[in-house]
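All remarks here apply to the structure that follows.
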Amino acid sequence: MPHTYREDGTLEYHDSLILQNCLTNGILVVDMSDRVNGCDEAYMVTSTVQKLGAIARSVYSIERANAQAARQDPKVRYGDEVRIMSNSYICNKELYLHSCPISPLAYARFSRNQEVCLSTQRNYNTVWRILPTPGNGYY
């Protein structure tokens, strides 16, 4: 599975990347066999601490959330609003990382926390903001 690597650690739009939580060391993976009820088409995501490497279910790409605000600079910057998409090897449709606040109808099945999935719907719940980690002088 191809993925992007740069010596300088920068991130550019349309890069292929693996998302890892620095607190839990969990890698975000999609489970295409676990469909989300109540959505047109959506699939659950989870995290794993197994070192899977770059496989179809663990590689995502990043695009600007607002194409009209696109600038010539291809680099992703703090404060940018982005959409995180599955790669083309996992599904023949574009799937966007989606989450919405907990409600009586929307919550994670096992943890009862905020549900996160990959959805075919491209809406506000698929927009993410790039923020620095706490402790880097930005908070």
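Tabulated data
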read-out	value
Separation in nanometres of the label points that stand 7 Å from Cα toward Cβ, at M1 and R77	3.1 nm
In Hz, Karplus ³J(HN,Hα) per residue of the stretch 14-25 (6.51, -1.76, 1.60; θ = phi - 60°; x = Gly, Pro)	6, 5, 9, 9, 10, 9, 10, 7, 5, 6, 9, 6
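Laboratory data are not the source of any read-out in this text; all were calculated from the coordinates shown. These numbers come from a predicted model, not from an experiment. Cβ coordinates were reconstructed from backbone atoms using ideal geometry, including for glycine residues, and neighbour counts include every protein chain displayed.
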